[in-house]
Amino acid sequence: MQKEIEITLAPEENGEEQALKNVLSKALKVEISRIKDYKILKRSIDARSRKVIYRLQVRAFIDETPVVDAFVMKYGNVSNSKHVLIVGAGPAGLFAALQCIENGLKPIVLERGKDVKQRRRDLAAINKEGLVNTESNYCYGEGGAGTYSDGKLYTRSNKRGDIHKVLQLFVQHGATDDILVDARPHIGTNKLPHIITAIRETILNAGGEVRFDQKVTDLIVEFDRVRGVVVNGEERLLADAVILATGHSARDIYELLHRKHILVEAKPFALGVRIEHPQSIIDAAQYHCDIRSEFLPPAYYSLVEQVADRGVFSFCMCPGGIIAPCATHEQEIVVNGWSPSKRNNPYANSGTVVQVTLDDVAGEDPLRMMHFQAAIERTAFNLGGGSLVAPGQRMVDFVEGRVSADLPKNSYLPGTKSVMLKDTLPDFVHDSLKRALPQFGKKLRGYYTNEAILVGVESRSSSPVRIPRDKETFQHPQVAGLYPCAEGAGYAGGIVSAAIDGVNCANAVLRFS
Ligand SMILES: Cc1cc2nc3c(=O)[nH]c(=O)nc-3n(C[C@H](O)[C@H](O)[C@H](O)COP(=O)(O)OP(=O)(O)OC[C@H]3O[C@@H](n4cnc5c(N)ncnc54)[C@H](O)[C@@H]3O)c2cc1C
């Protein structure tokens, strides 16, 4: 007999098999010896009251043992099948490739950056010397922006596709199966590169291809139909279908499309700063304690405030995290955040951004939001004074309009410089943040403090350009066979939603190309 039940556990009982069986036995009113096994279906932390607890949805197996039904996707060999070109090896490109194989098509993935191993050296140069390799950085290279990210796998895109299958594929390639049950699944920067490598191996073993240092510099279009791409300005690769999964930082791709009179559209995005607190402040606020119990993970928050007609919100919160320099061009500052699987750094950071609407940037140019974004990133660079030193300000100083006498110790490795962030942010972003931060402080005790630092600028939370596509066929309305995909095209935000969009584009290729 099987029974599903919701139970609660004290933090110290989480992960303890005997404790869980005891609780199940009491809750189900059956002797413990009759509970042969159990499966956790969902797990979350409930910190609403002073006593923090874990809530678990559990399936108990009473007087019966479960049949083991581990998910393993088996991939056939596609080396001699019709091929599909996939531009970009981010989550979208890689999951599109896996789905192409499942659909009996041969994916050829073209990635401008390097493989995960070689990419590491370029990240070290960014952090230690302030040098950006414009083809290999936190956004470009195998695994895309997802590889050296936090690996939070939480998404609201549940109507767009099979989230569970994406998570299962991550587990098949090395993630722990905790991600299948946790309310806020997380992998961690230290583990992601191995998983990305394993996905590449699956693609290669099935007869697909993943090519590095292959920057797509042109699209071959004849009679309103894509015929292939040009790589590194010279090599022509032909195909009937091209999935364009180049992410939101590939400005050259937007420029290329615009130059070729292939429709692109300006898109609203969000802009702001990364905010970092000592993790202990967030723990104390969320867990109602002075010092976090060793049985609880570093605490998380999510904050939102409407200021006049604008949304101000935190996103990509990284407990125990690091602020990362994520520029893709020289002389610009872009920040984002990541955390290792253990989330054991002493800081908590999150992007805190303000909506930027099309009306905020005058003109009709479809690339105007992108130029606006780039100009702010350059101003931040100049304000920092070079070598990726980022402009920073303490939180209360920012709101009260004074330069910070000094900056708190923080996790941003290239260094921070005390400035007036007002000088890099547009007025409406500055004013909205200024009004929202004290309000956030009312929602989260201790949040509004001069111990927190604001680091500029968080400008790549989403794409400033949309590449249109047909709702049913997923193809560009003017170019048959061209499949604009995921975050760079404006249809995803985050690892899982990008992966889902990759899967959807691969399925569209099977049906329509
Ligand atoms: C530091 C950091 C932390 C993040 N943390 C999280 C998180 O915890 N959870 C989450 O859900 N999301 C997170 N994100 C966002 C997430 O990584 C992106 O949403 C996701 O990677 C988008 O996937 P994508 O495949 O659409 O694009 P990308 O991941 O951007 O991949 C695009 C790929 O295309 C390649 N490319 C671009 N132009 C060309 C060209 N011309 N020719 C060939 N290749 C090209 C790029 O090199 C890149 O590898 C984070 C991002 C960063 C930078």
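The values are calculated or read from the model by the stated rules, or taken from the named source; none is laboratory data. As the structure is a computational prediction, the values presented were derived from the model and not from experiment. Glycine also receives a Cβ, built like all others from the backbone with ideal geometry; neighbour counts cover every protein chain displayed. When the accessible area is computed, the model is the full protein with side chains, heavy atoms only, and any ligands, DNA or RNA have been set aside. Shrake-Rupley method; radii C 1.70, N 1.55, O 1.52, S 1.80 Å.
What number of residues within region 189-227 are small (G, A, S) and surrounded by 19 or more Cβ atoms within 10 Å (Cβ to Cβ)? So the count comes out to 2. Going through (1) part of a loop (DSSP other than H, G, I, E, B); (2) away from the ligand (no atom under 16 Å from the Cβ) one by one, I281 falls short only on (1).
For region 6-33, give me each residue that is of a type outside the set (S, T, N, Q) and surrounded by fewer than 15 Cβ atoms within 10 Å (Cβ to Cβ).
Hits for region 6-33 are E6, E12, G15, E16, E17, A19, K26, K29, E31, I32.
Kindly evaluate A92 against the criterion of being in contact with a Cys (Cβ under 8 Å, 6 or more places away or on another chain) and in the same structural domain as K215 (by TED's automatic domain parsing). Here the answer is yes, as A92 does meet what is asked. Residue count for region 285-295 under the criterion of being among the small types (G, A, S) and either open to solvent by 20 Å² or more (accessible area, probe 1.4 Å) or more than 27 Å from the chain's Cα centre (by Cα) (or both): the result is 1.
Look through region 490-513, keep the residues that are polar (S, T, N, Q) and more than 10 Å from the ligand (Cβ to nearest atom), and return whichever of them is farthest from the chain's Cα centre (by Cα). Per the criteria, the residue is S513. If the condition is being away from the ligand (no atom under 11 Å from the Cβ) and open to solvent by less than 40 Å² (accessible area, probe 1.4 Å), then region 125-164 contributes A125, I126, N127, G130, V132, G161, I163. Cβ-Cβ contacts under 6 Å between residues 6 or more apart (or on different chains), taken from a first residue in region 488-501 that is closer than 14 Å to N158 by Cβ and in the same structural domain as F95 (by TED's automatic domain parsing) to a second residue that is surrounded by 24 or more Cβ atoms within 10 Å (Cβ to Cβ) and of a type in the set (G, A, S), are listed as A492/A486; A492/A498; D501/A92; D501/A486; D501/A492. When we screen G233, G228 for residues that are assigned to a strand (DSSP E or B) and on the phi > 0 side of the Ramachandran plot, the only hit is G228.
This table checks each residue for (1) out of contact with any Leu (no Cβ under 8 Å at 6 or more places or on another chain); (2) near the ligand (Cβ under 9 Å from one of its atoms); (3) in a loop (DSSP other than H, G, I, E, B).
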| site | (1), (2), (3) |
| --- | --- |
| P297 | yes, no, yes |
| S302 | yes, no, yes |
| G311 | yes, no, no |
| C316 | yes, yes, no |
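List, please: which pairs have Cβ atoms under 6 Å, are six or more places apart or on different chains, and start with a residue in region 134-155 that is within 10 Å of G494 (Cβ to Cβ) and end with one that is of a type in the set (K, R)? The qualifying pairs are Y154/R184. Among the residues of region 255-282, the one identified as open to solvent by less than 70 Å² (accessible area, probe 1.4 Å) and without any contact (Cβ under 8 Å) to a residue 40 or more places away in the chain is L256. Among the residues of region 352-387, those identified as open to solvent by less than 40 Å² (accessible area, probe 1.4 Å) and part of a strand (DSSP E or B) are T352, V353, V354, V356. Looking at (1) crowded, with 24+ Cβ neighbours inside 10 Å; (2) more than 18 Å from the chain's Cα centre (by Cα); (3) acidic (D, E), can you tell me which one E487 breaks? Unmet for E487, out of (1) crowded, with 24+ Cβ neighbours inside 10 Å; (2) more than 18 Å from the chain's Cα centre (by Cα); (3) acidic (D, E): (2). Among the residues examined, L204 qualifies as in a helix (DSSP H, G or I) and free of Cβ contacts under 8 Å to residues at least 12 places away in the same chain. Among the residues of region 68-81, some residue qualifies, meaning at least one is open to solvent by less than 20 Å² (accessible area, probe 1.4 Å) and touching a helix residue (DSSP H, G or I) at 6+ places or on another chain (Cβ under 9 Å).
Here the condition is being under 20 Å from V67 (Cβ atoms) and either at pLDDT below 95 or assigned to a helix (DSSP H, G or I) (or both); of L24, L20, it holds for L24 alone. Specify which of the listed residues (L421, L367) is within 17 Å of E458 (Cβ to Cβ) and touching a residue at least 12 places away in the same chain (Cβ under 8 Å). L421 is the lone residue from the list that is within 17 Å of E458 (Cβ to Cβ) and touching a residue at least 12 places away in the same chain (Cβ under 8 Å). Residues in region 159-200 that are in contact with a strand residue (DSSP E or B) (Cβ under 6 Å, 6 or more places away or on another chain), more than 22 Å from V109 (Cβ to Cβ) and outside any loop (DSSP other than H, G, I, E, B): D182, H186. Close contacts from region 1-21, counting a first residue that is farther than 13 Å from L56 by Cβ and a second that is outside any strand (DSSP E or B) and open to solvent by 30 Å² or more (accessible area, probe 1.4 Å), with Cβ to Cβ under 7 Å and a gap of 6+ residues or different chains, come to M1/D63; M1/E64; E12/F295. With respect to the conditions (1) open to solvent by 60 Å² or more (accessible area, probe 1.4 Å); (2) touching a strand residue (DSSP E or B) at 6+ places or on another chain (Cβ under 7 Å); (3) not in a strand (DSSP E or B), K417 lacks only one, and its number is (3). Of all the listed residues (A452, A436), the sole one being over 21 Å from I323 (Cα atoms), of a type outside the set (S, T, N, Q), assigned by TED's automatic domain parsing to the domain that holds G311 and buried (at least 19 other Cβ atoms within 10 Å of the Cβ) is A436. Among the strands (runs of 3 or more DSSP E) confined to region 50-158, the ones with at least 1 residues that are of a type in the set (F, W, Y) and at pLDDT 95 or above are located at 53-62. In this structure, is K443 closer than 20 Å to F315 by Cα and either open to solvent by 10 Å² or more (accessible area, probe 1.4 Å) or within 16 Å of the ligand (Cβ to nearest atom) (or both)? Against the criterion (closer than 20 Å to F315 by Cα and either open to solvent by 10 Å² or more (accessible area, probe 1.4 Å) or within 16 Å of the ligand (Cβ to nearest atom) (or both)), K443 qualifies. Within region 241-266, the set of residues being touching a helix residue (DSSP H, G or I) at 6+ places or on another chain (Cβ under 6 Å), away from the ligand (no atom under 14 Å from the Cβ) and in a loop (DSSP other than H, G, I, E, B) comprises A241, V264.
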